[in-house]
Amino acid sequence: MNPSPRLKRAYVETYGCQMNISDGELMEGILADGGYEIVRAPEDADVVLVNTCAIREHAERRVLGRVSQLNGLKLERPDLLIGVTGCMAQRLGETLLEQAPYVDLVMGPDGYRGLPEALARLERGEDVDHAALGAAETEDAAEGVVLIHGRKRGPQLAVLALDMDENYQGLEQRRADGPAAWVPIQRGCDHRCTYCIVPYVRGGEKNRSAVEILSEVRGLAEQGVSEVTLLGQTVNSYVWKDVDFPSLLRDVARIDGIGRVRFTSPHPNDVTERLVEVMAEETGVCEQLHLPAQSGDDRTLRRMLRRYTVESLLEKIELVRTAIPDIALSTDIIVAFPGETDAEFRATLGLMREVRFDEAFTYKYSLREGTPATRLPAEDFIDSDEAQSRLAELIEVTRAIQSEINEAELGRIEEVLIENRGRDEGQIRGRTRRNKVVVFDGDASRIGQYARTMLDRTTGATFVGTEVGAHAAVEG
């Protein structure tokens, strides 16, 4: 008897934000449904997909370096297919095939539904001359090899069409085991912040069916997931038919078995009284909010096209803190945006000191070709050393604030959802409802359970605690 043919093996390596992590799980689900075995190391794979981010230049350089490393595997096994997917793939398009001629597939975020078909074309040796193959059927170009820079190589494929109807409804993610899950509810973005590449690589806002989202969350609860995070580029702008984001959030929080609900990343303009009311009333919604401020200066915010002022942002923060006094706030900040003066940078430091965010994700401006900010006058762009100096000062301020906040929380007893092993033997790691990371002694067999834990000491962003009680489940 002939043995059964071995399944093709695929490995997905993801870089970037939560949306990219969710997209990586989506690609794994699509590949598994298409007959692939998902493996955990590129050395074991027949197909390696590098799922990328395009937000910052450093991220792209890192990916190009990683793809070059993977070419070493391809030299040993010429049949290995290497694909680059995601936002960087969409941004660079076919030029990526020229920069990295050992890459076989370039696929943007709207192409994943057709991933098995694209790989099958490459495996059959069909060349489509870098055609932009989208959701609609595209005529095949001539078969054969492609010549670039005089080098002969096999067929390559670029799948780059943006599809306003593609929200990946009806497709199932292949999630890692664990008590928490990302649930994408929205793709793309209708804002045009001048520094941001996202609308140009992910297209406009596309919202999933509320019926399907709720069905997905119920299914996750039945599988033992007790915490979900709703994902979208501007998640709180979600609208589907007569269901807006506050309504959806309330419905998700009331699903049996779901003990915690988070969402990211909201836009300040869509933080409404009704949304805050739902956050305050629904016990399943965590006391945590990520609110990207980006700058503490009105002129800079106008140049970024953020569509709010510092005053209106502070009003939103006051609204949230009045309704939910114990809420933990986090933010994103960009320094050295073109034209930012020292005084305007100081205003951002002032905002950080006034608001006292529990956590801040800080960046210096990174030029992204294709974004409106690249067209600002050359003299507006800030010297790299000055930009780095501003970033270092911002980090110093934010870390000092975070340290002061965390020191003041020592002695609190918090409910911790145990998510994984700690770094040290015999430790487990989880997060509080306010999204604070806590490490304490315990057995990894308890991942997925909840524990009452006293916060004993802090090491920067992380707490070390002592368990004072545990329970195996939380009522939804």
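No lab work stands behind these numbers, since they all come straight from the coordinates. Everything numeric in this text was worked out from a predicted model, so none of it was measured. Virtual Cβ from ideal backbone geometry, glycine too; neighbours counted across all protein chains shown.
How large is log10 of I(q)/I(0) for the stretch 413-471 at q = 0.23, 0.24, 0.28 Å⁻¹ when the intensity is taken from the Debye formula with one equal scatterer per alpha-carbon?
Treating every Cα as an identical point scatterer, log10 I(q)/I(0) equals -0.80, -0.87, -1.22.
State the answer as a single residue: which of Leu96, Leu115, Gly125 lies farthest towards the positive end of the charge dipole of the stretch 86-126, with beta carbon charges of +1 for Lys and Arg and -1 for Asp and Glu, about the Cα centre.
With unit charges placed on the Cβ atoms, the residue in question is Leu115.
Report for the chain the percent antiparallel among DSSP-assigned beta bridges with both residues inside it, nearest 5.
Roughly 40 percent of the beta bridges in the chain run antiparallel, per DSSP.
When you count, for each residue, the other Cβ atoms within 10 Å and take the mean per peptide, how do 31-43, 171-183 rank with the highest first?
Output ranking for 31-43, 171-183: 171-183, 31-43.
Evaluate the Debye formula for the chain with equal point scatterers sitting on the alpha carbons, no solvent, and hand back log10 of I(q)/I(0) at q = 0.08, 0.11, 0.12 Å⁻¹, in q order, two decimals.
For the requested q values the scattering log ratios are -0.53, -1.01, -1.19.
Roughly how many debye, to the nearest 20, is the charge dipole of the chain about its Cα centre, given +1 on each Lys and Arg Cβ, -1 on each Asp and Glu Cβ, and no other charges?
Rounded to the nearest 20 debye, it is 420 debye.
For the stretch 310-323, take each phi angle, set θ = phi - 60°, evaluate the Karplus expression 6.51 cos²θ - 1.76 cosθ + 1.60, and give the result in whole Hz per residue in order, putting x for glycine and proline.
Here the 3J(HN,Hα) series is 4, 4, 5, 4, 5, 5, 5, 5, 5, 4, 5, 5, 5, 7 Hz.
Could you calculate, for the stretch 343-476, the ratio of the Cα radius of gyration to the Kirkwood radius, expressed as Rg to Rh?
Using only Cα positions, Rg/Rh for the stretch 343-476 is 1.14.
So how do 61-73, 190-202 stack up, highest first, on mean other-Cβ count within 10 Å?
190-202, 61-73
Using θ = phi - 60° and the Karplus form 6.51 cos²θ - 1.76 cosθ + 1.60, what ³J(HN,Hα) does each residue of the stretch 23-31 get, whole Hz, x for Gly and Pro?
Values per residue, Gly and Pro as x: 5, x, 5, 5, 4, 4, x, 5, 5 Hz.
Quick one: compute a quarter of the convex hull surface over the Cα atoms of the stretch 1-88 and quote it in nm².
Averaged projected area of the stretch 1-88's Cα convex hull equals 6.3 nm².
Tell me, which cysteines of the chain are without a disulfide-compatible partner by the Cβ under 4.7 Å rule?
When partners are defined as cysteine Cβ atoms under 4.7 Å apart, the chain leaves Cys17, Cys53, Cys87, Cys189, Cys286 without one.
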